Structure formats: structure tokens, C-alpha cells
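Novice: Take this structure, written in C-alpha cells, and hold onto it; I'll ask about it next.
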Amino acid sequence: MNEFWADIVNFLSSEKIWGLIRAITLIIIGIIIARLFSASLEKLASKKIDNHRIMLLKRGSYYLILVLFLVSALRELGFNLSVLLGAAGVFSVAVGFASQTSASNLISGLFLVAERPFTVGDTIRVGTTTGEVLSIDLLSVKLRTFDNLFVRIPNESLIKSEVTTLSRFPIRRLDVMVGVAYKEDLKKVRATLDAVANRNPLCLEEPKPLYIFQGFGDSSLDIQYSVWAKREKFLELKNSIHEEIKNAFDEQGIEIPFPHRTLYTGNETKAFPVEVLTDKQQTK
């Protein structure tokens, strides 16, 4: 029993235990300093750069300081750093071959940081996914969709595909596709559309609404009527103007036709009989 306590006293009085205490102290101090420094750096840079770069700067400074203190802690424990660096190099090569996709995402993330096609808080569309950018990390971009879903998109996919930034500019254009019957007067149709745009407070006066005759459709005269709105009012305008156009056409007696077909049965001598049934006859 005396030998046991003697071993404990010898261990506590040895240099190893004091090295372990110094190493733990360095790690704790490193975590505190890294957090304080990254927080201070975020406050200083918040007025000069965007949220995306602030996030990367904050994380980079935090991990850099933490790694420096970890290296100092390993030296206190008596580790040979040259051997560790050599082992880390071999390990990095092995990991590099095993994680080529991650490396591709990492490089793509650096391209996104340099190019800045969007920033944190922007609304983007990637393929069929549309949402608000929550974060831009080195491996992926995180989105929150309009139905409150969390979507992670790898950076490599963003580099290779088409990305639309919906909130880049302060105004947006809404294209309304309208079809009217062939019998309608196009001047009257255009005047009615202009009146709807003028009455709607969400439509901007500049740029002016755009009227484009698209062509002769199968059942209608196809028209594109484009109006402009502020970015934050775009969805509200999209919901209101369609209803207003429908009501205005009804008031002016302008027909929006159903799809229909013309059936030709031949000339008078070779025509075959076609019987047209009424709704009552069809139900019998």
C-alpha cells in the first residue's frame, strides 16, 4: 500500500504531470482567445465586408489560433513535431486520394468566394430548388426553401450548373401571358391591359409596361404583357394582376377562349354524317 502511494507521489512530482497541466491550460486559453479574437474581428469587419466573407474570416481566424495553441500543447507533452508533420503529410495524401469529391467541392467553394455570384441572405434558384442562402461554406451551400425546408447543395454542383440570383437587383419583371379570341380588337386589348397596370399601385411607371404580340396560337391570339415591380413586392403583384386582368376583360367583353378544334368532313358530295349530341342526349 505504501508503494502505491509512493508511485502516485512520484508521478505527481514528475515533469510529465506538469507538462500535461500546461498542455490542458494552453488548450483552454487557446479556445478562449480564439473565440474573443474571432468575435472582435467580426465586429470590426461588419461594416466593411459582406456577411459571407465575415463568416469565412471568423471561422478561419478561430481555427488558425486554435491550431497554434494545439501545436504548443503537443510540444509541452513532449511530442516530436517533425515526426507528426511527416505523418500528417502521408495521411493527407491518403485522404486526398480517398476524398476527391470533397477536394473538388473545396476548390469550387474557393471559386464561389472569389466570384461572389450571391451572398448570404440572397434568394437563388438552382435547378428546381429555390430558397434563401443561409451559409456559404467551403464544401456546400445551405438553403432554406419557401416551404421552410433545409437544402444542402455541394459547391461542385453550383459551379457546373446554372444559378439564378433572384434578389440581385432591386426590381424584377413579371411576364403575363394572355390569350384572346381571334375576333377581339387588339388595340382594345392593349388599352385594357395598360389600364390595369396603371390602376395597380405595385406596377412601376418606369420601366414602362411592355406589350409583345407573340403570334397566332391554335385557339387564341397570344400576347405577352410585362410589368415591373420592386423585388419585395414581386409575389404580391403576381397574385393580384392576373385577377385584375380577368376582371377587366370580363368588364370589356374580351373573350379568353377555351382550346378548340375545327373539324373538316370533306366537300358537300363526299361528306360523311356527323351527329352533334346535346348535354341532355349525352346523359341519357
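Novice: Specify the residue that is nearest to PRO170 (Cα to Cα); the eligible residues are those in region 119-140 that are hydrophobic (A, V, I, L, M, F, W, C) and within 8 Å of the chain's Cα centre (by Cα).
Specialist: Here the residue is ILE124.
Novice: Scanning region 169-209 for residues that are more than 22 Å from LYS233 (Cα to Cα) and either among the basic types (Lys, Arg) or in contact with a Gly (Cβ under 8 Å, 6 or more places away or on another chain) (or both), which turns out surrounded by the most Cβ atoms within 10 Å (Cβ to Cβ)?
Specialist: Only one residue fits best here, namely GLY179.
Novice: Go over the candidates SER167, SER219 one by one and state the one that is modelled with pLDDT under 90, within 24 Å of GLY127 (Cα to Cα) and hydroxyl-bearing (Ser, Thr, Tyr).
Specialist: Just one listed residue meets the conditions, SER167.
Novice: When residues of region 186-202 are filtered for being in contact (Cβ under 8 Å) with a residue 60 or more places away in the chain and not aliphatic (A, V, I, L, M), how many remain?
Specialist: Adding up the residues that qualify gives 2.
Novice: I've got another one for you. Look through region 94-121, keep the residues that are modelled with pLDDT under 80 and polar (S, T, N, Q), and return whichever of them is nearest to LEU166 (Cα to Cα).
Specialist: ASN105
Novice: ILE153: buried (at least 17 other Cβ atoms within 10 Å of the Cβ), modelled with pLDDT under 90 and not aromatic (Phe, Trp, Tyr), yes or no?
Specialist: Here the answer is no, as ILE153 does not meet what is asked.
Novice: Give the residues of region 217-234 that are surrounded by 13 or more Cβ atoms within 10 Å (Cβ to Cβ) and under 27 Å from the mean Cα position of the chain (by Cα), sorted by residue number.
Specialist: Within region 217-234, SER226, VAL227, TRP228, ALA229, LYS230, ARG231, LYS233, PHE234 qualify.
Novice: Within region 203-251, which residues are more than 16 Å from ALA191 (Cα to Cα), in a helix (DSSP H, G or I), of a type in the set (A, V, I, L, M, F, W, C) and without any contact (Cβ under 8 Å) to a residue 60 or more places away in the chain?
Specialist: LEU235
Novice: If you take the residues in region 1-50 that are basic (Lys, Arg) and closer than 23 Å to VAL71 by Cβ, which one is modelled with the highest pLDDT?
Specialist: Only one residue fits best here, namely ARG35.
Novice: Among what's in region 130-151 and is in contact (Cβ under 8 Å) with a residue 24 or more places away in the chain and not in a strand (DSSP E or B), pick the residue that is nearest to SER104 (Cα to Cα).
Specialist: Taking the candidates together, the pick is LEU139.
The values are calculated or read from the model by the stated rules, or taken from the named source; none is laboratory data. In this text, all values refer to a predicted model and were calculated from it rather than measured experimentally. All Cβ positions, even for glycine, are placed from backbone atoms using ideal geometry, and neighbour counts span all protein chains on display.
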